[in-house]
Amino acid sequence: MTALEVAGLTVAYGATEALRGIDLAVAEGETVCLLGANGAGKTTTLRALSGQVRPRAGHIRLGGADITALAPHRIVRRGLVQVPEGRQVFAGLTVAENLTLGAWTLRDPAEAARRRERVLARFPRLRERLHQPAGALSGGEQQMLAIGRALMAGPRLLLLDEPSMGLAPLMVAEIFAVIAELKAERVTLLLVEQNAAAALAVADRAYVLETGRITLSGPAWRVAKDPGVIAAYLGG
Amino acid sequence: MLAQQLVNGILLGATYALFALGFTLMFGVLRVINLTYGFYFTAGGFVAWYLTTRLGVGLALALPAAAVAAGAIAVVLDTLLLRRLRRARAGELASLMVTLGAVLALYAGMTALLGPDIRRLPPDVIGTGALVLGPVRVTQAQLLILGASVVLAAALVWLVRFSRLGLGIRAVAENPDVAGLMGIDAARIAALVSFVSGALAGAGGVLIGLAFNAIHPYMGEAMMLRGFVVIIMGGLGDIFGALLAGLLLGVVEVLTAGYLDSGLKEAVGFALLVLVLWTRPAGLFGRPVARRA
Ligand SMILES: Nc1ncnc2c1ncn2[C@@H]1O[C@H](COP(=O)(O)OP(=O)(O)OP(=O)(O)O)[C@@H](O)[C@H]1O
Ligand SMILES: [Mg+2]
């Protein structure tokens with residue numbers, strides 16, 4: 001069963017086309033990574049999926065239903081949840097308030113409390129800082145908060161935009177361990193990364209995006225062996 | 001004499017604070033300087049005048065009705081004028097120009113329709129009795145001003161700081177895009193904030209109309225100048241700052257009029273603003289971010 005199906009997605013900012021008709025699919029329970037250099041259009045892809053930019057052409061289906069024209073808050077209600085690039089926690093609000101906001105679409109306080117318990121069990125450091133402003137957290141802690149906040153929504157598809165960006169190596173390892181955990185729990189993941197080695201190691205399948213076009217796709221192990229990918233993204 | 005002046009100043013300041021609360025909320029959340037804000041004050045005054053003089057409605061009903069009407073007008077104007085600009089991420093200058101043009105048209109249109117004359121609320125709209133506490137005399141109108149200001153300010157603080165919707169409002173204030181990723185409908189929050197702000201301004205219009213017994217189309221314009229003084233002094237977007245700065249401005253104006261010259265009171269208000277910004281550029285309470293709703 002496909003969780004996400006993208007066909008012919010084209011997005012332009014003014015006259016510049018950032019995406020030129022990409023096709024992409026994520027199956028239920030699958031972990032898919034999207035690789036690409038700076039400016040390739042990875043963030044634009046996720047922004048289009050979340051309804052933050054209007055595509056010029058193409059279709060986006062979530063669990064079979066067309067969500068192409070929906071507003072961002074409606075897309076979240078259908079279970080497509082994004083952890084945006086650069087974490088984007090609400091710096092002036094507390095950690096607890098950030099988590100509460102993650103469960104905004106949930107009308108059941110008891111279920112929200114259960115989810116919060118699970119998030120805090122996963123990220124014990126957040127529990128210690130529950131009543132501090134999110135802006136006071138370290139970069140790694142903010143990334144944990146951003147992921148925890150997204151999990152509060154109970155996503156059926158989770159988009160992660162460069163979760164390891166700008167973090168110290170130990171923290172990068174920790175974030176990828178969390179991603180591996182989510183994968184083991186069969187959370188459906190679409191992962192955008194510049195850390196191609198770590199992303200290909202955790203993913204089932206991969207897509208390579210170059211200046212708005214998908215130039216390569218397939219099982220992660222096979223993409224990892226592609227000479228072009230090795231040269232461009234794996235420091236070969 | 002001084003005690004009476006201080007009481008008068010605090011009561012006048014309470015209305016300034018009420019008016020500025022809505023203005024600062026609107027700025028803090030929607031991040032636009034919406035110059036039509038003064039018109040909601042005028043609208044509130046006129047709705048109350050119409051209800052009390054033409055329909056014989058009592059103040060207990062006219063005040064909330066005027067607030068609701070002004071809130072509704074605020075939602076309509078925000079939707080018509082600013083929603084598109086927000087969506088297109090137009091700069092602050094664009095919203096400033098659009099709302100400046102709109103508010104001038106609204107005042108002029110209202111004057112053309114209703115005439116420039118000063119209107120008065122019916123004399124029996126509020127009792128003439130007064131509370132006498134030693135040297136201080138507090139009229140019933142002043143008591144109403146105080147009660148309404150305290151209740152509305154407390155309700156606003158509760159809404160923004162302690163309610164679930166308030167959390168959504170603060171999230172939109174900090175980052176509307178990310179708020180959307182939480183499933184928050186930023187357009188609905190914008191409408192709510194417009195309504196609440198407009199209602200506060202409308203209530204302020206009724207109370208000031210009552211205090212000075214004068215309602216006219218341009219009353220909102222004079223108030224906007226004070227609104228600017230108060231929200232800049234209190235720190236843009238800062239609710240508690242607006243409350244204190246509003247009270248301070250009221251006291252300063254009344255003392256100036258009482259001990260110096262009533263023609264000087266506006267000059268003193270602006271001098272105070274300059275003095276505060278000179279010493280504390282981020283406002284009285286100095287937290288430098290404009291994102292505290
Ligand atoms: N708001 C915008 N307005 C105009 N052009 C934009 C905008 N956002 C992105 N672009 C352009 O669109 C292209 C794709 O950008 P995008 O942010 O999607 O790339 P990316 O793959 O996420 O890059 P990075 O690895 O740096 O995050 C780039 O050429 C970028 O300059
Ligand atoms: Mg990016």
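Some notes on this structure:
- 2 or more residues under 22 Å from the mean Cα position of the chain (by Cα) and either more than 14 Å from chain A (Cβ to nearest Cβ) or not aromatic (Phe, Trp, Tyr) (or both): qualifying helices (runs of 4 or more DSSP H) within segment B:137-207: B:140-157, B:164-174
- Residue identified as in contact (Cβ under 8 Å) with a residue 60 or more places away in the chain and either of a type in the set (A, V, I, L, M, F, W, C) or at positive phi (or both) among B:Ala148, B:Ala88: B:Ala148
- Considering the conditions (1) at pLDDT 95 or above; (2) at positive phi; (3) among the charged types (D, E, K, R), A:Glu117 is excluded by exactly one of them, (2).
- A:Ala232, sole failed condition from (1) open to solvent by 60 Å² or more (accessible area, probe 1.4 Å); (2) within 19 Å of the chain's Cα centre (by Cα); (3) aliphatic (A, V, I, L, M): (2)
- Failed item in (1) away from ligand 2 (no atom under 16 Å from the Cβ); (2) at the interface with chain B (Cβ under 10 Å from one of its Cβ atoms); (3) modelled with pLDDT under 95, with A:Asp108 passing the rest: (2)
- Looking only at segment A:15-51, and only at residues there that are within 13 Å of ligand 1 (Cβ to nearest atom) and part of a loop (DSSP other than H, G, I, E, B), the one that is farthest from the other protein chains (Cβ to nearest Cβ): A:Ala37
- In segment B:92-122, residue nearest to B:Gly209 (Cα to Cα) [restricted to those that are outside any helix (DSSP H, G or I) and open to solvent by 50 Å² or more (accessible area, probe 1.4 Å)]: B:Arg120
- When A:Val6, A:Val11 are checked against the criterion of being in contact (Cβ under 8 Å) with a residue 24 or more places away in the chain, closer than 16 Å to A:Ile67 by Cβ, within 12 Å of ligand 1 (Cβ to nearest atom) and more than 14 Å from chain B (Cβ to nearest Cβ), A:Val11 stands alone in meeting it.
Yes or no, residue by residue, for (1) crowded, with 17+ Cβ neighbours inside 10 Å; (2) on the phi > 0 side of the Ramachandran plot:
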{"position": "B:Met233", "(1), (2)": "yes, no"}
{"position": "B:Gly237", "(1), (2)": "yes, yes"}
{"position": "B:Leu255", "(1), (2)": "yes, no"}
{"position": "B:Gly258", "(1), (2)": "yes, no"}
{"position": "B:Gly263", "(1), (2)": "no, no"}
{"position": "B:Ala267", "(1), (2)": "no, no"}
{"position": "B:Phe270", "(1), (2)": "no, no"}
{"position": "B:Val276", "(1), (2)": "yes, no"}
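The values are calculated or read from the model by the stated rules, or taken from the named source; none is laboratory data. Just so it is clear, the model here is predicted, and its values are computed rather than measured. Positions of Cβ are generated from backbone atoms using ideal geometry, with glycine treated the same way; all protein chains shown enter the neighbour counts. These area figures cover heavy atoms from the full protein model, side chains too; ligands, DNA and RNA do not enter into them. Shrake-Rupley method; radii C 1.70, N 1.55, O 1.52, S 1.80 Å.
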